[in-house]
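What follows is calculated from the coordinates using simple rules that are stated; it is not laboratory data. Computed from a predicted structure; not experimentally measured. Reconstructed Cβ throughout: ideal geometry from the backbone, glycine too, with neighbour counts over all protein chains shown.
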Amino acid sequence: MKMQQPQQLIIVGGGTAGWLTACVIAAEHKAQAGIAASVKIQLIESPDIPTIGVGEGSWPSMRQTLQKIGISETEFFRACDVSPKQGSKFVHWLHAPQAAASADEAYLHPFTVPAGYPDTALALSFLHSPVAERGSYAAAMTPQGRLSLAGKAPKTIGTPDYQFMQNYGYHLNAGKFAALLQRHATQVLGVEHIADTVTQVQVSQGQIAGVTTSQHGLLQADFYIDCSGTQSLLLGGALAEPFISCKAMLGNDRALALQLPYDLGGACDAPASAIFSNTVATAQQAGWIWDISLPNRCGIGHVYASEFLSDEQAYANVLAYAERRLSACNHQFASASAQQKHALLDGLMVKKLQINPGHYQRCMVGNCMAIGMAAGFIEPLEASALALVEWSAKTIAKALPLHANARSRVADRINQQFVKHWASIIDFLKLHYVLSQRDEPYWQMQRAMVPASLAKLLDLWQYQVPDVSDFPDAEQLFPAASYSYVLYGMGFEPRWLRPLKSHEWLRSQQLQAQLRHDVQQLSQLLPDNASLVTQIAAQGLSRL
């Protein structure tokens, strides 16, 4: 077969989405064993447009992505202020604090699937036990349900790069992550970085014909990827792809975000208690607050619906949360006067973000594909944004290089999966809201709007536990295990469940015994999150 020239690819936009996409595609098509690279990549990034920088939580899939593109986990931890993330903790989503049975009412959605999964014997055994004897669903399913809440790390310093004892993703500094990816893409993977601003997009017969830049003039390629964020310069702008709004279903349209240093106003004297092993999402009167722990600071943000909460009220909520958060790990700050605390917190830069929840009808049109916020965006509950970037980048990386005659069929396949992913994300996010018993108007609104697909599943789960067969899509983003963690973490009680078969009862007893053993063993073996981060900085992890 005749060797062909590499296809030219232009990525418009940097940030995490742009540079991660560049790395994934370049790693897939890099030259090796005497075979030339099949794709040549240029990334155009405007020096005048700042990145949003709030996507600081990842899924476990990021471990495989980073390993594939050739970045060591030690380098990643050291360069990007990384700490392990083992799941998400949801505080006061079932009841408001004044109505909760306990002041610390919460549940956990861990990354480790239940013991014996996809077998459901353990879940059935849990649900058939008396409510008063159950305790936490997550703790009954996996050691991570106890260990991560106790601050334990998911691995030891002796566990090699990207390997684990409990499944994990990452909390990371988004700005530093984009910078690391840029260095790796340009210095290791051969991506050409063009620091310039796109001033015009050329379109011909429904295809991108080129992009005009301020300093480099007209640049052309065989295929274009739009990573221009919410501007969506190529897909939404030049190609005028219709946008599907999800605001009526989701409600949240604002966010305030800030970065809170642990040493604000004094030294952090309790780092082990500062660096949480899970992203924390705390429900509020008209929204929720995220809390992402990095080694030196936490990222805090308030997602809310402007219909029910003013910007001023949201600002007061997020500063009150920050004050409580910092007081728990910084005793000098905690002992300061109210006036001193307010002065310190008021000095923090707070970003105000407009959220237009929704996605474009298609992510791939002609010779263009949008990735990241250029394709769509909703609130960051469950950190689906980076996961979608990973899926999009890997999907188009496998498809490239593309013959012009195959584009439409490849686009149809990608777009069908894109729509499925968005539907599943919306279903899963709404699950967190519709089971709440909070009585504020905002929460009543959330319960009133339920996607038909989710309503069907909830009806099914009145009579059986979530099962892998409920999700036939081979690329399902959220597995049955994730739905179970939220359902039963929120206290969902089925109307009827079949009894356990004898072999299931025996299996559940074996799994429970193994869980007790694993919790005891791992609690002695695993360091806390802060200690692991310190050890990685000093010693590094071994590479396989």
Handout entry: Angle in degrees between helix 174-187 and the longest Cα principal axis of the chain, rounded to the nearest 10
Key = 40
Exercise for the section: Count charges around THR279 for me, please; just the other residues with Cβ under 11 Å from its Cβ, Lys/Arg as +1, Asp/Glu as -1. Expected result: -1
Practice task
First select every other residue whose beta carbon is under 14 angstrom from the beta carbon of TYR463; then total the charges, Lys and Arg +1, Asp and Glu -1.
Solution key: -1
Completion exercise
Cα gyration tensor of segment 254-354 diagonalised, 5x eigenvalues square-rooted, in angstrom largest first, produces semi-axes 23, 15, 11
Handout entry: Mean-position separation - Cα centroids, segment 164-232 and segment 43-90, in angstrom
Key = 16
Fill in the blank from the handout: Relative to the chain, whose Cα atoms define the longest principal axis, helix 529-539 and its Cα axis are tilted in degrees, nearest 10, by 50
Fill in the blank from the handout: If the chain between GLN163 and LYS351 were fully extended at 0.36 nm per residue, the gain over the current Cα-Cα distance would be 64.1 nm
Fill in the blank from the handout: Rounded to the nearest 5, the percent of antiparallel DSSP beta bridges in the chain equals 70
Fill in the blank from the handout: For the chain, whose charge dipole is built from +1 on Lys and Arg Cβ atoms and -1 on Asp and Glu Cβ atoms, the candidate among LEU264, ASN167, ALA314 with its Cα farthest towards the positive end is ASN167
Problem - Sequence of ARG63, ARG183 once ranked by neighbouring C-beta atoms within 10 Å, starting from the fewest - result: ARG183, ARG63
Practice task
Compute the distance in nm between two label points, each set 7 Å from the Cα along the Cα-to-Cβ direction, one at SER204 and one at SER102.
Solution key: 6.7
Exercise for the section: Over the alpha-carbon set of the chain, work out the extent along each principal axis and list the three values in angstrom, largest first. Expected result: 68, 61, 51
Problem - Extension gain from GLN476 to GLN512, taking 0.36 nm per residue of separation minus the Cα-Cα distance - result: 10.1 nm
Problem - On Cα atoms only, tilt of 15-28 relative to the major axis of the chain in degrees - result: 70
Handout entry: Taking segment 254-354 and dividing mean pair separation by its residue count, relative contact order in percent (alpha carbons under 8 Å, at least six apart)
Key = 40
Problem - Label-point separation, LEU544 to VAL131 (7 Å along Cα→Cβ), nm - result: 4.5
Handout entry: Förster radius 41 Å - calculated FRET efficiency between ILE244 and ALA150, Cβ distance, rounded to 0.05
Key = 0.45
Exercise for the section: Determine the relative contact order of segment 132-193: mean sequence separation of Cα pairs under 8 Å and six or more apart, normalised by residue count, in whole percent. Expected result: 14
Practice task
Could you work out how far apart the two model spin labels at THR534 and GLN520 are, taking each label as a point 7 Å from the Cα in the direction of the beta carbon, and quote it in nm?
Solution key: 2.9
Completion exercise
In order over segment 275-292: 3J(HN,Hα) from phi, Karplus 6.51/-1.76/1.60, θ = phi - 60°, whole Hz, x for each Gly or Pro, gives 9, 5, 7, 10, 5, 10, 10, 9, 5, 10, 4, 9, x, 7, 10, 8, 9, 10
Completion exercise
Both in Å, the radius of gyration and Dmax of the C-alpha trace of segment 466-511 are 13.0, 33
Handout entry: Shape call, segment 169-263: gyration tensor on alpha carbons, a/c limit 1.5
Key = oblate
Fill in the blank from the handout: Ranked on Cβ counts within 10 Å of their own Cβ, fewest leading, HIS432, HIS109 go HIS432, HIS109
Handout entry: For the chain: relative contact order, % (alpha-carbon pairs under 8 angstrom, 6 or more apart)
Key = 24
Exercise for the section: Could you rank the peptides 196-208, 526-538, 369-381, 156-168 by their average count of other C-beta atoms within 10 Å per residue, with the highest value first? Expected result: 369-381, 526-538, 156-168, 196-208
Handout entry: Per-pair calculated FRET efficiency, R0 = 56 Å: GLN339 and ASP467 via Cβ, rounded to 0.05
Key = 0.50
